[in-house]
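I have placed the structure first, in the form of structure tokens, so that the comments after it can refer back to it.
The values are calculated or read from the model by the stated rules, or taken from the named source; none is laboratory data. Remember, it's a predicted structure, so these values are computed and weren't measured experimentally. Cβ atoms come from the backbone with ideal geometry, glycine included; neighbour counts cover every protein chain shown.
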Ligand code: HEM
């Protein structure tokens with residue numbers, strides 16, 4: 001027997017914690033029965049064997065044993081905050097979405113993340129950053145699941161597992177900084193050349209942001225907005241930080257990785273605690289929906305392309321302020337489930353093949369990650385608008401649905417929930433004759449996806465001399481980690497398509513030859529528009 005101090009009938013202090021599952025002043029089991037000792041297991045005598053009948057011991061250990069859930073297959077490391085989005089209302093002619101009407105305030109939850117690193121990795125690694133925003137609108141959830149880089153590595157979602165397998169640490173030793181991980185990444189990027197533009201952004205200072213508060217965000221794909229009258233426009237989403245875009249220099253990023261692996265997470269949480277609330281403007285580039293899905297020679301369904309702002313300025317739609325840190329990391333930051341298919345009336349997808357694959361992937365992975373089909377009921381994922389989905393049962397069903405007839409049509413239970421009236425333009429007609437079924441099924445990429453270099457070049461040439469020097473140093477450092485000389489050489493060959501001087505300086509740093517563009521690599525095919533922007537496309 002242990003001598004327990006007598007419990008006062010009224011505790012001297014109210015419990016420090018409250019909230020669901022923490023509303024008793026007395027420690028209890030999960031069944032609500034009082035617990036008198038949580039420090040000693042029940043034993044047969046002071047030094048005797050532990051007794052299986054100790055339910056509190058078994059329940060406490062059982063729960064602890066299952067505290068971890070699978071980390072996200074990508075974007076595992078992240079940090080988040082709550083906030084508010086206020087609409088300026090100037091998109092109300094363009095888009096019928098309620099949250100974009102004048103003055104409308106909408107709660108948001110934003111999660112920033114690293115793509116490749118595991119949940120325990122360091123914040124400042126060179127990587128793309130996720131920028132995912134959940135809008136709790138009165139018409140349901142709208143998720144804008146973007147990145148801090150406006151282009152992506154691949155043009156078709158079927159390549160996503162290949163990309164991630166090449167970028168993640170090797171499956172044998174799983175050492176992220178091992179040479180082998182660099183070998184596979186550069187092997188993929190130099191063979192699958194649509195990845196060259198994204199790789200260029202990653203090797204630039206954008207790959208090592210100073211702070212989440214100083215990052216732009218991009219929806220990457222082309223989305224569709226539909227007005228009240230059914231008119232459709234194509235848009236690219238942008239987040240513009242009020243603090244401007246700032247980066248670390250490489251040495252800072254390496255030092256921070258050792259001295260403060262939580263550098264970005266800490267920065268976000270401390271800024272919010274100190275009342276320095278980060279702000280962004282949400283904006284769109286508006287592009288005509290004329291059935292061609294091209295703009296100034298750029299294929300709008302190709303997610304490896306961005307639209308230069310000189311060609312289509314970003315028009316601000318509203319402001320987001322993040323003003324509250326999460327109350328609980330696991331319950332909110334870890335369990336939040338974003339999905340590019342969470343849309344509201346007035347916003348729709350396009351036929352971008354990368355976006356189409358994403359529409360499948362997120363639901364599918366969350367089914368495993370969050371333990372079954374009911375993760376929309378987790379508080380952070382719950383819409384703030386009324387829900388009646390007629391779904392039933394499944395693991396972790398927390399609702400207690402009433403009635404006997406969750407099916408449609410029915411004449412019992414007072415009938416079914418009403419269907420909303422389909423607004424005009426909700427499903428715009430198919431534009432492509434092939435899509436109507438009069439052509440063969442194909443696994444092929446359109447010719448308009450074949451320019452893999454001109455935007456990498458455009459971006460590189462838009463940088464200052466100092467920023468270009470950082471890019472050159474980043475390629476030299478990262479390729480220097482790559483043990484396979486043939487892979488290094490192939491990537492340098494790719495750089496010759498982007499900028500000969502860049503290729504030469506990287507080749508020299510690596511002791512390689514800077515070849516002229518070899519005939520066996522696809523030749524750059526710059527679009528007409530890109531060749532004219534600011535006169536920055538030098539004609540070889
Ligand atoms: C997670 C962005 C492409 C599959 C995420 C997250 C972001 C993001 C921001 C983190 C969400 C969070 O914070 O919880 C993007 C962007 C893409 C892209 C901008 C391309 C433009 C893809 C593709 C696939 C994919 C092509 C698969 C076909 C996933 C998966 C997760 C994820 C499985 C983990 C989701 C979870 O466990 O909750 N992505 N992604 N992504 N993404 Fe993507």
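Within the stretch 300-344, being outside any loop (DSSP other than H, G, I, E, B) and within 15 Å of the ligand (Cβ to nearest atom) holds for 322, 329, 330, 331, 332, 333, 334.
Every condition in (1) within 15 Å of the ligand (Cβ to nearest atom); (2) modelled with pLDDT of 95 or more; (3) farther than 28 Å from residue 317 by Cα is met by residue 237 except one, and the failing one is (3). Restricting attention to the stretch 284-299, the residues that are touching a helix residue (DSSP H, G or I) at 6+ places or on another chain (Cβ under 8 Å) and either at positive phi or in a loop (DSSP other than H, G, I, E, B) (or both) add up to 0.
Counting only residues that are within 16 Å of the ligand (Cβ to nearest atom) and part of a loop (DSSP other than H, G, I, E, B), the stretch 60-93 holds 9 of them. When the test is whether a residue is assigned to a loop (DSSP other than H, G, I, E, B) and in contact with a strand residue (DSSP E or B) (Cβ under 8 Å, 6 or more places away or on another chain), residue 385 passes it.
Residues are listed down the side, and each one gets a yes or a no for (1) buried (at least 20 other Cβ atoms within 10 Å of the Cβ); (2) free of Cβ contacts under 8 Å to residues at least 12 places away in the same chain:
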position: 290; (1), (2): no, yes
position: 302; (1), (2): yes, no
position: 316; (1), (2): no, no
position: 328; (1), (2): no, yes
position: 334; (1), (2): yes, no
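For the stretch 233-241, the count of residues that are surrounded by fewer than 20 Cβ atoms within 10 Å (Cβ to Cβ) and farther than 18 Å from residue 133 by Cβ is at least one.
Scanning the stretch 44-94 for residues that are surrounded by fewer than 14 Cβ atoms within 10 Å (Cβ to Cβ) and touching a strand residue (DSSP E or B) at 6+ places or on another chain (Cβ under 9 Å) yields 44, 49, 50, 51, 90. Could you pull out the residue among 393, 364 that is within 13 Å of the ligand (Cβ to nearest atom) and free of Cβ contacts under 8 Å to residues at least 12 places away in the same chain? Only one candidate passes the filter, namely 364.
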